[in-house]
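Visitor: This is the structure I want to talk about, given as structure tokens.
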């Protein structure tokens, strides 16, 4: 079962990636090759095994409760594509 | 290549401390060497200031083995005040306001940063061809790839443009280019080197590590950059990597395992021949070779290409054209973000984000992501079992020698399938190192040694012994 062009378009939208039709078609073929290959993972019996999301188990890492100096405002804003009055200017989120 | 570029970093460091060379003279010699392989994206500013600081450390007698030695830095490591692009157009103008912890550590020890090296965009690739800026060439043959993703760093060291370099390794991105360029590359245990300031690709797999011409150079640089860092919650509470016992011990009586899955006919015959000849040399030194089987290795590539894109799809969500990077025009927030990301990420990055989003989506999560995590656990346990009574696991680093630039570009899956020797170390967090073991068709072959978690010092010592025993030092043809 392959991934359809509509599914590729939908996932690209979820991932906030605007792509032209030719790019989507190329991606569909690449994904189908990859997903086909992924089926080999079913050859391994994993019944009852827990997942391993981390390479090295470290738990409950807390930072000391001490005040630290953060980035100066002008440094934090130095890479902003748009800034005004010491704030990030973001694209319109809520329409009038 | 200049006479200086023939020396190891450790030799340069010793000559600096003996006042046979000055920091400035060394730095200028490397900084002015012509970059014919396209290793660098950006050159450091403030070279003079860095040299003055390093020279004063040496003059005060407080320098270490590498004080004053130049180093090249992969362009996904944040450098305060210096462009950090990740070889992507989405960070074309990004100047970090802070340093990665490893940069602070280099600075404290007086290493001189020469600049930022080319990589596959966001470290996603194994050929350095997905860089949005330029192609990097292999110093052994300019028609061939240096490997990747840290191809610029490997080419810089191999090509005599820097005695040392830093890279990052998520599925082999230090070890594979080291192998293809005929140098040494080391991925420390996950957590031994801070990831703070490394632009995240797959957080549970990423690790910064050194490139050098010798195991000793890599060990000395690993000692500089390692140690616990409170800025990285996954940093292990350990001392920096020690080099005290690097040159002690012997090969006699060591047990080294060979997984049959890494010696099948997927590798080029010339690569297998070079690695087999190295194994024979180790046997003559009294090393006991043990054949083992870890069946999960066969699905390691699949496991990786599910987990790494899943983590990447989350990590790369921050590139939205709001807080940094260029912002493209669009109607409303969603369209601005989608236009910016869609147009400024390259095709390999977009593909991995889509794969990651897909395998994490409702209905597919259990079949792909959860199952991959389960296989990851089982494969890691398989490696741990073998390492209970073996000092290390040996294999080729890459099943192929350096390939022609462009030859695998139209078949992204073929290139991904070549990662099977290096991926397990990232899955389990194990330290692993690649060192040259010979030539095939006139091109370098790398041998990989992998040890247990936290056994970085033991692994480096073993690699040093293997390097001495093989006596192979490769220099690209002029």
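The values are calculated or read from the model by the stated rules, or taken from the named source; none is laboratory data. Everything numeric here is computed off the predicted structure, so don't read it as measured data. Counting neighbours? That spans all protein chains shown, and the Cβs are built from the backbone with ideal geometry, glycine included.
Visitor: Does residue B:363 qualify as being farther than 29 Å from residue A:91 by Cβ and not in a helix (DSSP H, G or I)?
Guide: Numbers: farther than 29 Å from residue A:91 by Cβ: yes; not in a helix (DSSP H, G or I): yes.
Yes: the conditions hold for residue B:363.
Visitor: Which ones in region B:427-450 are assigned to a loop (DSSP other than H, G, I, E, B) and within 14 Å of another protein chain (Cβ to nearest Cβ)?
Guide: Quick first cut of region B:427-450, residues assigned to a loop (DSSP other than H, G, I, E, B) only: B:429-431, B:441-442.
Matches in region B:427-450: B:429, B:430, B:431.
Visitor: In this structure, is residue A:76 within 7 Å of another protein chain (Cβ to nearest Cβ), surrounded by 13 or more Cβ atoms within 10 Å (Cβ to Cβ) and outside any loop (DSSP other than H, G, I, E, B)?
Guide: Taking the combined requirement at face value, the residue satisfies it.
Visitor: Also, I was wondering about something else. Residue under question is residue A:35, and the condition is that it be within 9 Å of chain B (Cβ to nearest Cβ), in a helix (DSSP H, G or I) and in contact with a helix residue (DSSP H, G or I) (Cβ under 7 Å, 6 or more places away or on another chain); does it hold?
Guide: Details: within 9 Å of chain B (Cβ to nearest Cβ): yes; in a helix (DSSP H, G or I): yes; in contact with a helix residue (DSSP H, G or I) (Cβ under 7 Å, 6 or more places away or on another chain): no.
Here the answer is no, as residue A:35 does not meet what is asked.
Visitor: Looking at (1) outside any helix (DSSP H, G or I); (2) within 14 Å of chain A (Cβ to nearest Cβ); (3) under 20 Å from residue B:256 (Cα atoms); (4) in contact with a helix residue (DSSP H, G or I) (Cβ under 7 Å, 6 or more places away or on another chain), which is the only condition residue B:424 fails?
Guide: (1)
Here's the yes/no breakdown for (1) surrounded by fewer than 20 Cβ atoms within 10 Å (Cβ to Cβ); (2) in contact (Cβ under 8 Å) with a residue 40 or more places away in the chain; (3) within 26 Å of residue A:12 (Cα to Cα); (4) in contact with a helix residue (DSSP H, G or I) (Cβ under 9 Å, 6 or more places away or on another chain):
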| site | (1), (2), (3), (4) |
| --- | --- |
| B:266 | yes, yes, no, yes |
| B:272 | yes, yes, no, no |
| B:288 | yes, no, no, no |
| B:299 | no, yes, no, yes |
| B:310 | no, yes, yes, yes |
| B:326 | yes, yes, yes, yes |
| B:344 | no, yes, yes, yes |
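Visitor: Sticking with this structure for a sec: I'd like to verify a number: residues in region B:92-127 that are closer than 22 Å to residue B:342 by Cα, touching a helix residue (DSSP H, G or I) at 6+ places or on another chain (Cβ under 9 Å) and not in a loop (DSSP other than H, G, I, E, B), how many?
Guide: 2
Visitor: Scan region A:14-29 for residues that are in a helix (DSSP H, G or I) and touching a helix residue (DSSP H, G or I) at 6+ places or on another chain (Cβ under 6 Å) and report the count. First the steps, then the outcome.
Guide: Taking region A:14-29 and keeping what is in a helix (DSSP H, G or I), we get A:14, A:21-29.
Within this subset, residues satisfying the condition of being touching a helix residue (DSSP H, G or I) at 6+ places or on another chain (Cβ under 6 Å) are A:14, A:24, A:27-28.
The number of residues fulfilling the criteria is 4.
Visitor: In the list B:273, B:267, which residue meets the criterion of being in a helix (DSSP H, G or I), more than 12 Å from every other protein chain (Cβ to nearest Cβ) and within 24 Å of residue B:421 (Cα to Cα)? Spell out how you get there, then give the answer.
Guide: Working: B:267 fails: in a helix (DSSP H, G or I).
Going through B:273, B:267 in turn, just one is in a helix (DSSP H, G or I), more than 12 Å from every other protein chain (Cβ to nearest Cβ) and within 24 Å of residue B:421 (Cα to Cα): B:273.
Visitor: Would you confirm whether any residue within region B:132-139 is touching a strand residue (DSSP E or B) at 6+ places or on another chain (Cβ under 7 Å) and not in a loop (DSSP other than H, G, I, E, B)?
Guide: Yes, some residue in region B:132-139 is touching a strand residue (DSSP E or B) at 6+ places or on another chain (Cβ under 7 Å) and not in a loop (DSSP other than H, G, I, E, B).
Visitor: Among the residues that make up region B:31-51, is at least one of them assigned to a strand (DSSP E or B), touching a residue at least 24 places away in the same chain (Cβ under 8 Å) and surrounded by fewer than 22 Cβ atoms within 10 Å (Cβ to Cβ)? Give the steps one after another, and end with the answer.
Guide: Keep residues of region B:31-51 that are assigned to a strand (DSSP E or B), which gives B:40-43.
Okay, now just the ones that are also touching a residue at least 24 places away in the same chain (Cβ under 8 Å), so B:40-43.
Cutting the leftovers down to surrounded by fewer than 22 Cβ atoms within 10 Å (Cβ to Cβ) gives us B:42-43.
Checked region B:31-51: at least one residue is assigned to a strand (DSSP E or B), touching a residue at least 24 places away in the same chain (Cβ under 8 Å) and surrounded by fewer than 22 Cβ atoms within 10 Å (Cβ to Cβ).
Visitor: I've got another one for you. Can residue A:89 be described as exposed (fewer than 14 other Cβ atoms within 10 Å of the Cβ), more than 7 Å from every other protein chain (Cβ to nearest Cβ) and more than 30 Å from residue B:335 (Cβ to Cβ)? Give the derivation first.
Guide: Details: exposed (fewer than 14 other Cβ atoms within 10 Å of the Cβ): yes; more than 7 Å from every other protein chain (Cβ to nearest Cβ): yes; more than 30 Å from residue B:335 (Cβ to Cβ): no.
In short, no.
Visitor: Taking the condition closer than 28 Å to residue B:431 by Cα and either touching a helix residue (DSSP H, G or I) at 6+ places or on another chain (Cβ under 8 Å) or surrounded by 13 or more Cβ atoms within 10 Å (Cβ to Cβ) (or both), does residue A:11 pass? Write out each step before concluding.
Guide: Values: closer than 28 Å to residue B:431 by Cα: no; either touching a helix residue (DSSP H, G or I) at 6+ places or on another chain (Cβ under 8 Å) or surrounded by 13 or more Cβ atoms within 10 Å (Cβ to Cβ) (or both): yes.
No: the conditions fail for residue A:11.
Visitor: So, residue A:54, is that one part of a loop (DSSP other than H, G, I, E, B), under 20 Å from the mean Cα position of the chain (by Cα) and either under 30 Å from residue B:377 (Cβ atoms) or at pLDDT 90 or above (or both) or not? Break it down stepwise before answering.
Guide: Values: part of a loop (DSSP other than H, G, I, E, B): yes; under 20 Å from the mean Cα position of the chain (by Cα): yes; either under 30 Å from residue B:377 (Cβ atoms) or at pLDDT 90 or above (or both): yes.
Spelling it out, residue A:54 is indeed part of a loop (DSSP other than H, G, I, E, B), under 20 Å from the mean Cα position of the chain (by Cα) and either under 30 Å from residue B:377 (Cβ atoms) or at pLDDT 90 or above (or both).
Visitor: If you don't mind, there's one more thing I want to ask. For region B:368-402, enumerate the residues that are closer than 30 Å to residue B:137 by Cβ and either within 11 Å of another protein chain (Cβ to nearest Cβ) or in a helix (DSSP H, G or I) (or both).
Guide: From region B:368-402, those closer than 30 Å to residue B:137 by Cβ are B:394-402; that's our starting set.
Across region B:368-402, there are no qualifying residues.
Visitor: Restricting region B:467-476 to residues that are in a helix (DSSP H, G or I) and touching a strand residue (DSSP E or B) at 6+ places or on another chain (Cβ under 7 Å), which is surrounded by the fewest Cβ atoms within 10 Å (Cβ to Cβ)? Lay out the reasoning, then the answer.
Guide: Going residue by residue through region B:467-476, those that are in a helix (DSSP H, G or I) are B:467-470.
Restricting the remaining residues to those that are touching a strand residue (DSSP E or B) at 6+ places or on another chain (Cβ under 7 Å) gives B:467, B:470.
Numbers: B:467: 20, B:470: 18.
Restricting to residues being in a helix (DSSP H, G or I) and touching a strand residue (DSSP E or B) at 6+ places or on another chain (Cβ under 7 Å), the top hit is B:470.
Visitor: Now for a separate question. Taking region A:41-72, which residues are more than 7 Å from every other protein chain (Cβ to nearest Cβ) and under 23 Å from residue B:195 (Cα atoms)? Explain how you work it out, then say what you get.
Guide: First, pick out the residues of region A:41-72 that are more than 7 Å from every other protein chain (Cβ to nearest Cβ): A:42, A:45, A:47-48, A:57, A:59-60, A:62, A:64-70, A:72.
Selection gives A:57, A:59, A:60, A:62, A:64, A:65, A:66, A:67, A:68, A:69, A:70, A:72.
Visitor: In the set B:56, B:2, which member is free of Cβ contacts under 8 Å to residues at least 60 places away in the same chain and surrounded by fewer than 17 Cβ atoms within 10 Å (Cβ to Cβ)? Full working, then the answer.
Guide: Working: B:2 fails: free of Cβ contacts under 8 Å to residues at least 60 places away in the same chain.
Matching residue, one of B:56, B:2: B:56.
Visitor: Here is a further query. Working only within region B:306-361, note down all residues that are more than 8 Å from chain A (Cβ to nearest Cβ) and farther than 23 Å from residue B:119 by Cβ.
Guide: Those that are more than 8 Å from chain A (Cβ to nearest Cβ) and farther than 23 Å from residue B:119 by Cβ: B:328, B:329, B:331, B:359, B:360.
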